[in-house]
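Scroll down for the structure; my scribbles are underneath it.
Just so you know, all these numbers are worked out from the coordinates, no wet-lab data involved. Keep in mind it's a predicted model, so treat the numbers as computed, not measured. Here Cβ is always computed from backbone atoms with ideal geometry, including for glycine, and neighbour counts include all displayed protein chains.
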Amino acid sequence: MGKEEDIRQAIIDYASKGAKSKFYFKDMFAGVKKVVLDAGASDVKKVASALVSEEVMELLSTGSSTMYGRKGRGISVEKSGDSGG
């Protein structure tokens, strides 16, 4: 697998198996770095944005910051009344 595919799988695993259903980018990035040691923040951001576009992941705005989550896990954007970004 290529680096982007490794990052993609690491993000999905992190979002699916973590204790929390919503998380900040910095936490997701730290989780990815444990698996893909040479992943940079811009690499992870690019893949995470693609996963949001593909509706695998979703964004949830807390008002002051944005959190990521696995679509269908925890409170969804639709249930929260948030626009998703």
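At full extension, Lys26 and Glu4 could sit 6.1 nm farther apart than now, given 0.36 nm per residue minus the alpha carbon distance.
Shown in residue order for region 20-34 are the 3J(HN,Hα) couplings computed by the Karplus curve 6.51 cos²θ - 1.76 cosθ + 1.60 at θ = phi - 60°: 9, 8, 10, 8, 7, 4, 4, 6, 4, 4, 4, x, 5, 4, 5 Hz (x for Gly and Pro).
Here the dipole of region 9-60 is about 260 debye; that uses its Cα centre as origin and unit charges on the Cβ of Lys and Arg (positive) and Asp and Glu (negative). Between amide H atoms placed 1.01 Å from N, distances below 5 Å from Lys71 occur with Met57, Glu58, all of them 5 or more places distant or on a separate chain. Per-residue 3J(HN,Hα) values for region 53-69, derived from phi via the Karplus relation 6.51 cos²θ - 1.76 cosθ + 1.60 with θ = phi - 60°, read 4, 7, 6, 7, 10, 9, 9, 10, 7, 9, x, 9, 8, 10, 10, 9, x Hz in sequence order (x marks Gly and Pro).
Phi angles of region 46-51 translate, via the Karplus equation with coefficients 6.51, -1.76, 1.60 and θ = phi - 60°, into HN-Hα couplings of 4, 5, 4, 5, 5, 5 Hz per residue; Gly and Pro are given as x.
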